[in-house]
Amino acid sequence: MSEQETGTITLKGFLLRALLWLPLAFFFWVLWRQLFVVPVTVLVDLLLTGIWPEQFYNVVQNGHELEAEVLMAIPEEQMQQGQGQPVVVVPVNPLIYGYGLPLFAGLVICTPLSHLKRTLQILVGWLVIALVQSWGSIWETFKTLHFQLGAEGAAVMAEVGIGPSPTALAYQFGYLIIPSVVPVVLWLLLNRAYIESLVPQLGGLGGRGRV
């Protein structure tokens, strides 16, 4: 019988474990941040160079950041004078979209599960958060091209076929909403039975405050 079937961890026990494991999860996430960026780099590279090979040359990892190498049309006279480069590097920090991973992992560790289920859930969470980070990284790259690299960057985005308004909306959605919502929703969906078992205890806590 699994730990979840025994239901041995109460709401109080869950909260106490969360106080311990969530800081540790964030510590190891920062410590191993370069490892967690690897799948994001692979996904972003596959998407950008696969869908827009004429605009994006490569995506590489540099420490805990990724760098999108963008092919830009440089005026011929600048190229002859050595004043331009056909490849412009756009750096992105995927970690700002990935803080949901230690949050999700910490919640899963605190949940009464068998070791196998806990491991599988963390792996699923890693994949899902990598998708969240890839979304944020791609749209941040588009935002940089649109709004920070002048006419040349805007020309690349014209070739991509995505305007500034959709770019700004998708970037804000990927920066402000998805990273914080996805890990909590995923944990709720994967551990519905245990969470439902905590509901009566929540009602009991509320009743203590009544006169």
For this session: Arrange the following residues from fewest to most other Cβ atoms within 10 Å of their Cβ: 113, 22.
Result: 22, 113
For this session: Name the residue farthest towards the positive end of the dipole of the chain from the options 174, 148, 53, assuming +1 on Cβ of Lys and Arg, -1 on Cβ of Asp and Glu, about the Cα centre.
Result: 174
For this session: Specify the angular offset, from 0 to 90 degrees and rounded to the nearest 10, of the alpha carbon long axis of helix 150-160 from the longest principal axis of the alpha carbons in the chain.
Result: 70 degrees
Problem set entry | Nonlocal amide H pairs with residue 58, under 5 Å, H built at 1.01 Å | 69
For this session: Using the number of other C-beta atoms within 10 angstrom as an exposure proxy, rank 21, 32 with the fewest first.
Result: 32, 21
Problem set entry | For segment 18-204: relative contact order, % (alpha-carbon pairs under 8 angstrom, 6 or more apart) | 22 percent
Seminar exercise, completed: Here D for segment 18-204, in µm²/s, from Stokes-Einstein with a Kirkwood Rh over Cα pairs at 10 °C and 1.306 mPa s, works out to 87 µm²/s
Problem set entry | Nearest 10 degrees, 0 to 90: helix 33-51 Cα axis against the chain principal axis | 50 degrees
For this session: State to the nearest 20 debye the size of the charge dipole of segment 39-175 about its Cα centre, where the only charges are +1 on K and R beta carbons and -1 on D and E beta carbons.
Result: 880 debye
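Readers should treat all values here as calculations from the given coordinates under stated rules, not as data from a laboratory. Owing to the predicted nature of the structure, the values given are computational and were not obtained by experimental measurement. Please note: Cβ atoms are built from the backbone with ideal geometry, for glycine as well, and neighbour counts cover all protein chains shown.
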